[in-house]
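This report concerns only the one structure given below.
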Amino acid sequence: MNLNRFGKKNAQLNQLLTQSAHWQRLSTCLKQELPASMRAHFNVACVRDGCVVVIAHNSMAASRLRMVLPALLPQLQQIDATIESVKIKVQPLESKPEAVKRASLSPVARGALARSAQALTHHPELAAALRRLSEKSS
């Protein structure tokens, strides 16, 4: 999908696309200047009031960026002359949600539950619960 086509029709979208491209250029510049081992551990978030905000994915990357980025300020200023400082924030990558465990009953277990439900007619609520459980296919 070509968002630039929509950006021509919508001024706000065009401004967002322009900002995003600018921040991507800054991110690319930093990633070219830094060691390959660091490139995957940060992104440029924005430029606010002359300050480039860089998001590090862990505290170790943040520490290394805090040591190295001030020396790279001249390269960043070639892309954006308004940049005066760099700020590093730590925001871990979102982890994958935990897998949902799906328990299933074997046919033997379902049969045993059904027999137990029949035997517990004097406890109707428990018998009904066991019957519902025995009717589940997985």
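The values are calculated or read from the model by the stated rules, or taken from the named source; none is laboratory data. Since we're looking at a predicted model, the values are computed, not measured. Every residue, glycine as well, gets a Cβ built from its backbone with ideal geometry; the counts of neighbours run over all protein chains shown. Side chains are part of the model used for accessible areas, which takes the heavy atoms of the whole protein and leaves out ligands, DNA and RNA. Shrake-Rupley method; radii C 1.70, N 1.55, O 1.52, S 1.80 Å.
If you go through the range 69-99 one residue at a time, how many are open to solvent by 70 Å² or more (accessible area, probe 1.4 Å), of a type in the set (Asp, Glu) and in contact (Cβ under 8 Å) with a residue 12 or more places away in the chain?
Qualifying residue count, the range 69-99: 1.
When the range 88-120 is examined, which residues are found to be farther than 27 Å from Cys46 by Cβ and among the small types (Gly, Ala, Ser)?
Here is the first cut: in the range 88-120, the residues farther than 27 Å from Cys46 by Cβ are 97-120.
Across the range 88-120, the qualifying residues are Ala99, Ala103, Ser104, Ser106, Ala109, Gly111, Ala112, Ala114, Ser116, Ala117, Ala119.
Take the range 8-29 and flag every residue that is loosely packed, with under 15 Cβ neighbours inside 10 Å and part of a helix (DSSP H, G or I). If you could, list the steps in order and put the result at the bottom.
Of the residues in the range 8-29, the ones loosely packed, with under 15 Cβ neighbours inside 10 Å are 8-13, 15-16, 18-21, 24-25, 28.
Answer for the range 8-29, where residues must be loosely packed, with under 15 Cβ neighbours inside 10 Å and part of a helix (DSSP H, G or I): Ala11, Gln12, Leu13, Gln15, Leu16, Thr18, Gln19, Ser20, Ala21, Gln24, Arg25, Thr28.
Of all residues being in contact with a helix residue (DSSP H, G or I) (Cβ under 6 Å, 6 or more places away or on another chain) and under 20 Å from Ile83 (Cα atoms) in the range 30-41, which is least open to solvent (accessible area, probe 1.4 Å)? Just the residue, please.
Lys31
Give all pairs with beta carbons closer than 7 Å in which a residue from the range 42-68 that is hydroxyl-bearing (Ser, Thr, Tyr) meets a residue that is not in a helix (DSSP H, G or I); count only pairs at least 6 apart in sequence or on separate chains.
Ser59/Val90
Quick check on the range 3-29: of everything there that is farther than 28 Å from Ile88 by Cα and over 24 Å from the mean Cα position of the chain (by Cα), which residue is modelled with the highest pLDDT? Outline the logic, then answer.
Initially, the range 3-29 is screened for residues farther than 28 Å from Ile88 by Cα, giving 3-11.
Filter once more, keeping what is over 24 Å from the mean Cα position of the chain (by Cα): 4-11.
Working: Asn4: 62, Arg5: 66, Phe6: 59, Gly7: 60, Lys8: 67, Lys9: 72, Asn10: 79, Ala11: 83.
Looking at the filtered set, the residue picked out is Ala11.
Got a number for residues in the range 82-103 being in contact with a Ser or Thr (Cβ under 8 Å, 6 or more places away or on another chain) and modelled with pLDDT of 80 or more? Full working, then the answer.
Taking the range 82-103 first, the residues in contact with a Ser or Thr (Cβ under 8 Å, 6 or more places away or on another chain) are 90, 102.
Within this subset, residues satisfying the condition of being modelled with pLDDT of 80 or more are 90.
Adding up the residues that qualify gives 1.
Could you list all residues from the range 81-114 that are out of contact with any Gly (no Cβ under 9 Å at 6 or more places or on another chain) and within 23 Å of His22 (Cα to Cα)? Write out each step before concluding.
Just the residues of the range 81-114 that are out of contact with any Gly (no Cβ under 9 Å at 6 or more places or on another chain), to begin with: 81, 86-114.
If the condition is that a residue be out of contact with any Gly (no Cβ under 9 Å at 6 or more places or on another chain) and within 23 Å of His22 (Cα to Cα), then Ala81, Val86, Lys87, Ile88, Lys89, Val90, Gln91, Leu93 are the ones that fit.
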